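Here is the structure we will look at, set down as C-alpha cells.
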Amino acid sequence: MPSAPANAPVERLLKQISSEYEQLSKQLKMIARYVEEHRDHIGLDGIQDVARHCGVQPSAVVRFAKHFGFSGFTELQKVFRDVLSRQIAPSRNYQARIREVIESGSRGLSSAEIAAEFLDGAMAGMLELGKNLDAKTFGRAVDLLAATESVWIAGSRRSFAVAAYLDYALQHTDKRIQLVTALGSMHEGQLRSARAGDVLLAISFAPYAEETMTVAEAAIARGVKVIAITDSRMSPLARDAAAVLLVQDHATFGFRSLTGTMALAQSLFIALAYRLELEVEPIPPLTT
C-alpha cells in the first residue's frame, strides 16, 4: 500500500475544522479561516502573531486548539511544523520578501521589478495549487459535469473572467451551457429554467460576491448540484456544494492573481474533454 502523504495530518485537521465550523463561536471562526488560508504560516508564527492576524486575544487561539483536542497552541502548531519545508511552502518566502520591500520604503520599484514580483507570486500560487489539489474531489467534479446535460456558470467581479472562460470552453461540448451574468440584476430570473440534475459551476472568493451566493442558493433550492471553486472549506459557497475545489491565489501589492484559478478552470475543462473524448481537428504535420 502507498504511504500516506506527508501533509495528511494537516488535511485531516482541516477537514475536522471544516465539519465543525458552523458550530464555532465568532472568534473561533475567524481563527479557523486564518488556519486554513495561512496553513504555511502556522508552523512558523508565534501565538501572538496568529492572534494579531485574527484580531483576537491569544487566549482565544488556545481555546481554538483545545476545542480540537490539543493541549494548547504549541501542540496544534506541531502538526503544521512537521510537514513544513521550503519545497511545500513557497508562498512564505514570496510574501515575506514582498512585505520587506513594501515596509522598507528604501527604494522605488521599476516596472520590470513590479512585473517580476507579480510573476513570482503567480508561480508560487501555482506550486501551492499543484501540491494541495484534492484528486478525489477534482474527479468528483469531472463526474458531475460529465453526467449532466446542462451546466450553469456563475462568477462575479474578479471571478467573472474565469466564469467567462468556462462558458467559452464548455461551449465545445454538446451540453447546454448558460452563463449567469447578473446583467441588469437579472441573475435570479436567468436561473428559472434550471432543473434538478443540472450542475452549477460557482466561482467566488473572500469577501464573496453576493450575486454568486444568491445564484448558488437558488440553484440548490431547485435541485441543482453545485461545484464550488473557492478559497476555503469555510466559504459560504462550499457549505452545500457537491464538490469544492480550493484555490488560493496570491496577492501582490494588494492585487490578487487569477493564475491559479484560471489554471484550475482550464484543467477542469481538459479533464472533462478527455472523459467525453471530444473530437478535435488534427494538427497538420510540419513540412520541411
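The values are calculated or read from the model by the stated rules, or taken from the named source; none is laboratory data. Quick caveat, the model's predicted, so the values are computed rather than measured. Don't worry about glycine lacking a Cβ; one is built from the backbone with ideal geometry, like all the others, and counts go over all protein chains shown.
Consider TYR165 carefully, then state whether it is of a type in the set (Phe, Trp, Tyr) and modelled with pLDDT of 75 or more. Yes; evaluated as a whole, the condition is true for this residue. Per this entry, ASP143 is not counted among residues that are touching a Phe, Trp or Tyr at 6+ places or on another chain (Cβ under 6 Å), modelled with pLDDT of 80 or more and either crowded, with 16+ Cβ neighbours inside 10 Å or on the phi < 0 side of the Ramachandran plot (or both). Selection of region 207-224 for residues being among the small types (Gly, Ala, Ser) and free of Cβ contacts under 8 Å to residues at least 60 places away in the same chain yields ALA209, ALA218, ALA221, GLY223.
Within region 26-45, the set of residues being within 15 Å of GLU128 (Cβ to Cβ) and free of Cβ contacts under 8 Å to residues at least 40 places away in the same chain comprises HIS38, ILE42. Considering only residues in region 116-140 that are within 18 Å of ILE270 (Cβ to Cβ) and at pLDDT below 85, the one that is surrounded by the fewest Cβ atoms within 10 Å (Cβ to Cβ) turns out to be GLY130. When the residues of region 42-68 are filtered to those that are of a type in the set (A, V, I, L, M) and assigned to a helix (DSSP H, G or I), the one that is nearest to GLU11 (Cα to Cα) is ILE42. Among residues of region 146-159 being within 15 Å of the chain's Cα centre (by Cα) and over 14 Å from GLN190 (Cβ atoms), the one that is surrounded by the fewest Cβ atoms within 10 Å (Cβ to Cβ) is ARG158.
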